[in-house]
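Asker: Got a structure for you, questions after.
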Amino acid sequence: MSVAPTSTLVVKVGSSSVVDDDGRISTGMLDKLATEVAACRRDGMSVVIVTSGAIAAGRPQLGIEAGASVDDSVLRAASAVGQTSLMRAFEIALAAHGLLAGQILLAPTDFMFRNRYLKSRGTLQALLQLGVVPIINENDPIADEEIRFGDNDRLSALVAHLIEASKLILLTDTAGLFTADPRVDDTASLIEEIIEIDQTLEAAAGGPRSEQSKGGMASKLAAAKIATWSGVETVIAFAGRDHVVVEAAAGTPGVGTTFRAKDQRLSARKLWIGFALPASGRVVVDDGARQALQAKQRSLLSAGVVAVEGGFDIDDAVEIVDTDGQVFAKGRVRWTSADIEANAGRQTAELPEALGDEVIHRDDLVILPQ
Ligand code: GLU
């Protein structure tokens, strides 16, 4: 086995960069990516690729026109066909540099169940140590409509945390994040550095640009939020730019939009609760509880609970909202929704004995970026 590399990049490339409008895999783009991966590896880094494009590449092979409305099972079938072609193309492109590709298909449940999460991490680490370039996509053929990632941006951010990557590079069809939509406003300029992702920025991010791309800027911002919250610097840059991966890795000015990482590194458990587990309901809390949770990192007690929305079980994840309806935290409950509702507002001393003291223990609680 080779020596474990000191830093790992997660490079995500979208459908619109990998597949052209006719559904042909862009071998030029894959060759360029493979050349950049090889250069990064010569510089002592290792690279994980998260790629989209399976559905876009599979559709024409099955005679399904872009934009045609077809059953979801047919799209899943298209992804199964396209994924094979995509992997073959990556295999050929990497082989030209003496590199091996290894495919991993992930579903949200792989991040929800801790044993699968650890297993995915172990396999990725083994691939990297063996010098293989892992190529990841969502497991579209078995994706559940309700809980699928749907875009690979969030998936790539979770992968970056999973393997404690040094950088997440989101390659797309624009140069980065602009002050306004450059398609309609010619005074728009590239924002080179972002320290904090706030609501103004989120409002400025537009939807997808093309038929092929699922995510758009809003989903890239959401991914950057997850990654930077887990201590991973994130860069959004133009996939077609020369040496984009090498320059983004080196932090070359003007390469795209860079989001600075937070100093904190959320534990795997907290990131998992905050960003991977879907919320099964909501717990509304009063101002005192919000303060205690946010400023003092306390556990949530029944005394601070005002109301419950939805039905959920012990260990389910819920959003925690203040009385203005603002979601500010997420956590895993130790009580059922029925018990929380029945005891809302009660002091701990007044609780039935069978219930523990905490509705949500502080170890299971994540304060979300606002
Ligand atoms: N996983 C999907 C595919 O490979 C695409 C998701 C995305 O566009 O981000 O076709």
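The values are calculated or read from the model by the stated rules, or taken from the named source; none is laboratory data. In this text the structure is predicted, and so the values were computed from the model without any measurement. FYI the Cβ positions are ideal-geometry reconstructions off the backbone, even for glycines, and counts take in every protein chain you see. Side chains are part of the model used for accessible areas, which takes the heavy atoms of the whole protein and leaves out ligands, DNA and RNA. Shrake-Rupley method; radii C 1.70, N 1.55, O 1.52, S 1.80 Å.
Asker: Restricted to Cα positions, what overall size does segment 312-370 have along the principal axes? Three whole-Å values, descending.
Answerer: 36, 22, 19
Asker: Where nothing but the Cβ of Lys and Arg (+1) and of Asp and Glu (-1) is charged, how large is the charge dipole of segment 37-120 around its Cα centre, in debye to the nearest 20? Before the final figure, lay out the partial values.
Answerer: Working: 8 positive and 6 negative charges, 71 e Å.
Computed charge dipole of segment 37-120: roughly 340 debye.
Asker: Multiply the residue gap between Gln291 and His361 by 0.36 nm, knock off their C-alpha separation, and tell me the result in nm, one decimal place.
Answerer: Details: separation 70, 0.36 × 70 = 25.20 nm, distance 1.55 nm.
Full-extension gain reported as 23.7 nm.
Asker: Quick one, can you get me the convex hull of the C-alpha atoms of segment 67-125 expressed as volume per residue in Å³?
Answerer: Working: hull volume 6.3 nm³, N = 59.
Looking at segment 67-125, the number lands at 107 Å³ per residue.
Asker: Given a 1.4 Å probe and every protein chain left where it sits, what share in percent of the accessible area of segment 1-99 is carbon and sulfur?
Answerer: Values: 2250 of 4330 Å².
Ligands and nucleic acids excluded, carbon and sulfur reach 52 percent.
Asker: While we're on this one: Just the accessible area per residue of segment 280-370, please: how many Å² with a 1.4 Å probe?
Answerer: Values: 4400 Å² over 91 residues.
That works out to 48 Å² for each residue.
Asker: Quick check: residue separation of Lys119 and Gln347 times 0.36 nm, minus the Cα distance between them. What number comes out in nm? Can you show the working numbers first?
Answerer: Working: separation 228, 0.36 × 228 = 82.08 nm, distance 4.15 nm.
The Lys119-Gln347 span can extend by a further 77.9 nm.
Asker: Exceeding 20 Å between C-alpha atoms, which entries from my cross-link table qualify? They are Lys225/Lys330; Lys32/Lys119; Lys12/Lys32; Lys12/Lys270; Lys220/Lys296; Lys32/Lys225.
Answerer: Those over the limit are Lys32/Lys119; Lys12/Lys270; Lys220/Lys296; Lys32/Lys225.
Asker: Is there a quick way to get the dipole size of the chain? I mean about its Cα centre, with the Cβ of Lys and Arg at +1 and of Asp and Glu at -1; what is the value in debye to the nearest 20?
Answerer: Details: 35 positive and 50 negative charges, 257 e Å.
It comes to approximately 1240 debye.
Asker: Leaving out ligands, DNA and RNA, what percent of the accessible area of segment 275-350 is carbon and sulfur, probe 1.4 Å? Provide the component values of the computation, followed by the final result.
Answerer: Values: 1480 of 3550 Å².
That fraction is 42 percent.
Asker: For Asp185 and Leu368, compute 0.36 nm times the residue count separating them, minus their Cα-Cα distance, and round to one decimal in nm.
Answerer: That pair, Asp185 and Leu368, stretches by 62.6 nm at full extension.
Asker: About its Cα centre, what dipole magnitude does segment 101-158 give when the only charges are +1 on Lys and Arg Cβ and -1 on Asp and Glu Cβ, stated in debye to the nearest 20?
Answerer: Values: 6 positive and 8 negative charges, 89 e Å.
With Lys and Arg at +1 and Asp and Glu at -1, about 420 debye.
Asker: Here's another thing I want to ask about it. Looking at the square roots a ≥ b ≥ c of the eigenvalues of the Cα gyration tensor of segment 53-99, which shape do they give, rounded for a/c under 1.5, prolate if a/b is larger than b/c, or oblate? Working shown, then result.
Answerer: Details: a/c = 4.14, a/b = 3.00, b/c = 1.38.
Note, shape of segment 53-99 comes out prolate.
Asker: Tell me the per residue accessible area of segment 1-147 using a 1.4 Å probe; a whole number in Å² is fine.
Answerer: Values: 6630 Å² over 147 residues.
The answer is 45 Å² per residue.
Asker: Could I ask something else about it? If one puts a single equal scatterer on every Cα of the chain and applies the Debye formula without solvent, what log₁₀ I(q)/I(0) results at q = 0.10, 0.12, 0.15 Å⁻¹?
Answerer: The Cα Debye sum returns log10 ratios of -0.67, -0.92, -1.28.
Asker: So, one more: Which residues' amide hydrogens lie under 5 Å from the amide hydrogen of Val359, considering only partners 5 or more residues apart or on another chain, with H built in the peptide plane?
Answerer: Leu300, Leu301, Ser302
Asker: Sorted from largest down, give the three principal axis spans of the alpha carbons of segment 213-370, whole angstrom values.
Answerer: If we take the Cα atoms of segment 213-370, the spans are 65, 31, 26 Å.
Asker: In addition: Which of rounded, prolate or oblate describes segment 273-365 when judged by the alpha-carbon gyration tensor and an a/c cut-off of 1.5? Walk me through the intermediate numbers first.
Answerer: Working: a/c = 1.39, a/b = 1.15, b/c = 1.21.
Because its axes are fairly even, with a/c under 1.5, segment 273-365 counts as rounded.
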